[in-house]
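Working notes, structure below.
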Amino acid sequence: MKPLASLFSLFALLLFILVSLHVSPSWAASDSVYDTFLKCLTRRTQPSDHVSDIVYSRANSSFANVLVSYIRNRRFNSSSTRKPLVIVTPKRESHVQAAVLCSKDLGVHLKIRSGGHDYEGISYVSDDAFFILDMFNLRSIDVDIQKETAWVQAGATLGELYYRIWQKSKIHGFPAGVCPTVGVGGHLSGAGYGNMLRKYGLSVDNVLDARMVDVQGRILDRKAMGEDLFWAIIGGGGASFGVILAYQIKLVPVPEKVTVFRVEKTLDQNATDLVYKWQFVAPSTDHGLFMRLLLQPVTSQTQKGQKTLRASVVALFLGNSDQLLAITNKELPEMGLKKENCTEMSWIESVLWWDGFDEGTIPPLETLLSREDSTNFLKRKSDYVQTPISKANLDSLWKKMIELGKVGLVFNPYGGRMSEIPASATPFPHRAGNLFKIQYSINWSEDDPEIEKNYLAQIRSLYDYTTPFVSSNPRSTYLNYRDLDIGTSTNGKDSFEEGQVYGVKYFNDNFERLVKVKTAIDPNNFFRNEQSIPPLPK
Ligand SMILES: Cc1cc2nc3c(=O)[nH]c(=O)nc-3n(C[C@H](O)[C@H](O)[C@H](O)COP(=O)(O)OP(=O)(O)OC[C@H]3O[C@@H](n4cnc5c(N)ncnc54)[C@H](O)[C@@H]3O)c2cc1C
């Protein structure tokens, strides 16, 4: 046998063994990467005991479970989705430092995941070989009620945070997202908003300090990192700059009783008049009133076989129902709000009500500590509206939504505190001048590529349709409603130009400052993803 032929047969034999063992060559490669990574972690961690317990290779029987536990979009949980070589789940800050340095030593891309709610899955999916740094073990919450502050680690969920605040005080809260399983690491580093944003602004408007690990493996607090970097990690997306370990937040006062309500109107009940007027009232009313508007095509109850549009106002008011009715009867009579639509409850109960328990009894508060979540296929997009949409245009929008059939819209009113904070105070620029944010939303449960194609086309078609009604130059978008349709980076030589395309949409005039911070802290772009802030070209 000729040497080349024997080499070829040897390779074929190896491949045959791998295939018959259902082991892919990348798996084999990942094992040796795992060994090298583990050795490095052991060397770099003091004390180095049990480091192997926090690292999962693909061969580990818990690997799939750890990976899937924090996947919140089924679109990125298919057999063809590329899997990480290794998942590392730090239990101490020093593990994070070692994980950063060892990934750098090995030249392997590091993805950072806290709650896993990224709408495009970019905390746990990548096109190149990668590790996941999964922060779920680092989730302590230390509330200091005297000082009205708390330190919260990145791996905590919003539900855990709300619950721990409530344990210490019934008259304090924190303005952040309405979904309790969202992670603090991604949410706060990407801005974070919830139903108190008109009264207290974004989550990041209430952040006092932070701890992070930079590309050199150093732990930096606000003083050590300096004001530029601190500014960047409160809204610019932490994953471009380092690993956020924890944030110190300022708690906000909430009344002992708040009021919630939900009111629905379809087109034959004058939904258009309600929505039209809502655009003027919701962004300018009492700062303690947040009236979210949900718009959904539904089957008509009155006209058989017909579709209609349902407008639902879901609201939180930081006060009692009499005060609320005095406001809404005067400012938005089109809503027809009545005392019997309103429920008074504690702020913490309102968190559960908002999480979808609005039609039944409120479950035990400990539900907020649950990390279980139902996971669907989904896609989101977002926009900002600066001029009210006319009734004629609303009518044509409803027609388009009914024609498409499934995609819904959520209007989130701004104004109040949001308009008082300068657009450059944090990287999040969408402040004064914005009436409301639109979220485009589609969820489905069928695991079928054709259905996925159809639904993705629907949401994109609606986004195209609304172009004349929303902000332009740039068409602004909210970072935490991640949308890879608006541009991505290959993180190669064109990363600056590529980054500008999505970066200006997410950050408007703040993009440039983010690039400067990035260039200073991570010039070689170790911390990167599909939509990260690029360093300036060298
Ligand atoms: C069901 C649902 C409801 C939502 N509701 C709201 C809402 O009410 N308000 C709102 O503002 N947003 C909301 N969001 C969006 C949410 O705020 C963002 O998806 C947020 O980034 C999620 O954070 P995470 O830690 O859970 O996600 P992850 O997927 O873990 O991370 C998101 C991004 O942050 C990076 N990141 C995560 N942790 C760290 C860290 N420790 N250091 C550095 N970078 C990190 C990741 O790499 C990724 O780029 C919702 C999302 C979902 C799926």
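The values are calculated or read from the model by the stated rules, or taken from the named source; none is laboratory data. Worth saying up front: this structure is predicted, and the values here are computed from it rather than measured. Counting neighbours? That spans all protein chains shown, and the Cβs are built from the backbone with ideal geometry, glycine included. Heads up: the accessible areas ignore ligands, DNA and RNA and are worked out on the full protein's heavy atoms, side chains in. Shrake-Rupley method; radii C 1.70, N 1.55, O 1.52, S 1.80 Å.
Given the pairs LYS199/LYS505; LYS338/LYS391; LYS277/LYS307; LYS304/LYS381; LYS147/LYS338; LYS257/LYS307, which span a C-alpha to C-alpha distance of over 28 angstrom in this model? Check vs 28 Å cut-off fails for LYS304/LYS381; LYS147/LYS338; LYS257/LYS307. The length gained by stretching the chain between LYS257 and ASP49 to full extension, at 0.36 nm per residue less their Cα-Cα distance, is 70.0 nm.
Relative to the longest principal axis of the C-alpha atoms of the chain, give the angle of the C-alpha long axis of helix 3-20, reported between 0 and 90° and rounded to the nearest 10°. Orientation of helix 3-20: about 40 degrees from the principal axis. Each principal axis of the Cα cloud of segment 80-161 was evaluated for its coordinate range; sorted largest first, these ranges are 48, 28, 14 Å. The calculated 222 nm mean residue ellipticity attributable to helices in the chain amounts to -10000 deg cm²/dmol, summing -39500 (n - 2.57) over DSSP H runs of n ≥ 4 and dividing by all residues. Shown for the chain: the carbon plus sulfur share of the solvent-accessible area, taken with all protein chains present and a 1.4 angstrom probe, equals 52%.
Each label was represented as a point 7 Å from its Cα along the Cα-to-Cβ direction; for GLN146 and ASP464 these points are 6.2 nm apart. For segment 348-388, the list of trypsin sites (Lys or Arg not before Pro) that fall in a loop by DSSP and count at most 16 other C-beta atoms within 10 angstrom reads ARG371. For the chain, the longest principal axis of the C-alpha atoms and the axis of helix 449-465 are separated by about 50°.
Accessible surface area normalised per residue over the chain is 42 Å², counting heavy atoms of protein chains with a 1.4 Å rolling probe. Oblate is the label for segment 383-469, because the ratio a/c of its alpha-carbon gyration tensor axes (a ≥ b ≥ c) is 1.5 or higher and a/b is not greater than b/c.
Subtracting the Cα-Cα distance of ASP494 and LEU208 from their residue separation scaled by 0.36 nm leaves 99.4 nm. What trypsin sites (Lys or Arg not before Pro) does segment 435-495 have in DSSP loop regions with at most 16 other beta carbons within 10 Å? Answer in residue order: ARG475, LYS493. Is the shape of segment 95-139 best called rounded, prolate or oblate, per the rule: a/c under 1.5 gives rounded, else a/b larger than b/c gives prolate, else oblate, with a ≥ b ≥ c the square roots of the Cα gyration tensor eigenvalues? Judged from the Cα gyration tensor, segment 95-139 comes out oblate (a/c at least 1.5, b/c at or above a/b). Once the Cβ-Cβ distance between LEU484 and ASN329 is put in as r, and R0 is 41 Å, what FRET efficiency do you end up with, to the nearest 0.05? It comes out at approximately 0.40. Computed from Cα atoms, the angle from the helix 391-404 axis to the main principal axis of the chain rounds to 50 degrees. Take every DSSP beta bridge whose two residues both sit in the chain; close to 90 percent of them are antiparallel. Dividing the radius of gyration of the alpha carbons in the chain by their Kirkwood radius gives 1.00 for Rg/Rh. Simple spin-label estimate for ALA224 and ASP273 gives 6.2 nm between the two label positions (7 Å along the Cα-to-Cβ direction from each Cα). Shape of segment 281-379 from its Cα gyration tensor (a ≥ b ≥ c, root eigenvalues): rounded if a/c is under 1.5, otherwise prolate when a/b > b/c, or oblate? It comes out oblate by the Cα gyration axes.
Length gained on full extension, ASN454 to ASN60: 138.1 nm, using 0.36 nm per residue less the C-alpha separation.
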